[in-house]
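Here's the structure, in structure tokens; my notes come after.
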Amino acid sequence: DGHTTLKKDSDFMVFNIRELMNSDSNIRNALFFNVLKYAWSLCLDYNKDTVMMVDEAHVLLGDKNVLGAEFLAQIQRRARKYNTGTILITQQPSDFVASQQILMHGKAIFDNASYYLVMGLKKQAVEDLSLLIDLNDSEKESIKHYSQGEALFVCGNRRMRINVAVTQEELDSFGSGGGL
């Protein structure tokens, strides 16, 4: 309804897009793009280390949104030039393989990532992930049977099966939204 109340010099900013979810898909995608474009513009300072995180990436990639996938791929390709780390979070790798065009951008996103943390997935999700990153047969089978806290951590050519152990205090800090 007026000028923004955002403080661009904040150390931490969150753009809550919950209210956009009820919009028509074309309007929603345009609004998502505007929010992401603005957030990305805040990361373009060579002298400041930043992190651009997109949680629930499936929301941006829904309706086979090729422009959203292309934008995420461009961010992923350019982030290091601006001392920006990226964190893209999704529950389903299928979000990045929904169409041939999205798969092309999905591969660029994953190819330009320094690390992957892959937690337990169902069979089809493992197959979709294997279109994006190289997984050997043993890794594919293991990922299907991971318990809570188990993951495949990939750093360059190194691959490690890890177990994430958290304290009760750390668990409490997440609240109950994660299904615990």
(request) Between residue 161 and residue 80, take the C-beta separation as r, use R0 = 25 Å, and let me know the FRET efficiency to the nearest 0.05. (result) 0.35
(request) Grab the Cα-Cα distance for residue 7 and residue 33, subtract it from 0.36 nm times how many residues apart they are, and report the gain in nm with one decimal. (result) 7.3 nm
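Which of the chymotrypsin sites (Phe, Trp or Tyr not before Pro) across region 1-63 are loop residues per DSSP, with 15 or fewer other Cβ within 10 Å?
Numbers: sites: 12, 15, 32, 33, 38, 40, 46; in loops: 12, 15, 46.
Sites meeting the loop and neighbour criteria: 12, 15, 46.
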(message) Could you give each residue of region 12-24 its phi-based ³J(HN,Hα) in whole Hz, using Karplus coefficients 6.51, -1.76, 1.60 with θ = phi - 60°, and x for Gly or Pro?
(response) 8, 10, 10, 10, 7, 10, 3, 5, 6, 4, 8, 7, 4
(request) Counting only DSSP beta bridges with both residues in the chain, tell me the antiparallel percent, nearest 5. (result) 70
(request) Would you please give the residues with an amide H less than 5 Å from that of residue 87, counting only those at least 5 places away or on a separate chain, with H modeled from the backbone geometry? (result) 52, 53, 54
(request) Might you work out the accessible area of residue 84 for me, using a 1.4 Å probe with all protein chains in place, and round it to the nearest 10 Å²? (result) 10
(request) Among the lysines, select those whose C-alpha is under 30 Å from the C-alpha of residue 140, and discard any that sit fewer than 8 residues away in the same chain. (result) 64, 107, 122, 123
(request) Grab the DSSP H runs of the chain that are 4 residues or longer, score each as -39,500 (n - 2.57), total them, divide by all residues and round the 222 nm result to the nearest 500 deg cm²/dmol. (result) -12000 deg cm²/dmol
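Of all alpha-carbon pairs in region 9-107, indicate the percentage at a distance above 23 angstrom.
24
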(message) At 37 °C and a viscosity of 0.692 mPa s, what translational diffusion coefficient does Stokes-Einstein give for the chain, taking Rh as the Kirkwood radius over Cα pairs? Give it in µm²/s as a whole number.
(response) 183
(message) Given an 8 Å cut-off on Cα distances and at least 6 residues of separation, report the relative contact order of region 90-180 as a percent.
(response) 25
(message) Probe radius 1.4 Å, ligands and nucleic acids ignored: give me the carbon and sulfur share of the accessible area of the chain as a rounded percent.
(response) 50
(message) Given a 1.4 angstrom probe, what's the average accessible area per residue across region 1-87, in square angstrom?
(response) 70
(message) Nearest 10 degrees is fine. How inclined is helix 100-111 to the longest principal axis of the chain, computing both from alpha carbons?
(response) 80
(request) Subtract the Cα-Cα distance of residue 103 and residue 117 from 0.36 nm times their separation in residues, and report this length gain in nm to one decimal. (result) 3.1 nm
(message) Nothing charged except the Cβ atoms of Lys and Arg (+1) and of Asp and Glu (-1): what's the magnitude of the dipole of region 1-137 about its Cα centre? Round to the nearest 20 debye.
(response) 300
(request) Give me the angle, in degrees from 0 to 90, between the Cα long axis of helix 66-78 and the longest principal axis of the Cα atoms of the chain, rounded to the nearest 10. (result) 80
(message) For region 53-122, which trypsin sites (Lys or Arg not before Pro) pass both filters: DSSP loop (anything but H, G, I, E, B) and at most 15 other C-beta atoms within 10 Å?
(response) 122
(message) On C-alpha positions alone, give me the angle between the axis of helix 25-41 and the longest principal axis of the chain, in degrees, nearest 10.
(response) 80
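The values are calculated or read from the model by the stated rules, or taken from the named source; none is laboratory data. All values reported here derive from a predicted model rather than from experimental measurement. Glycine also receives a Cβ, built like all others from the backbone with ideal geometry; neighbour counts cover every protein chain displayed. Please note that ligands, DNA and RNA were not included when accessible areas were found on the heavy atoms of the full protein model with its side chains. Shrake-Rupley method; radii C 1.70, N 1.55, O 1.52, S 1.80 Å.
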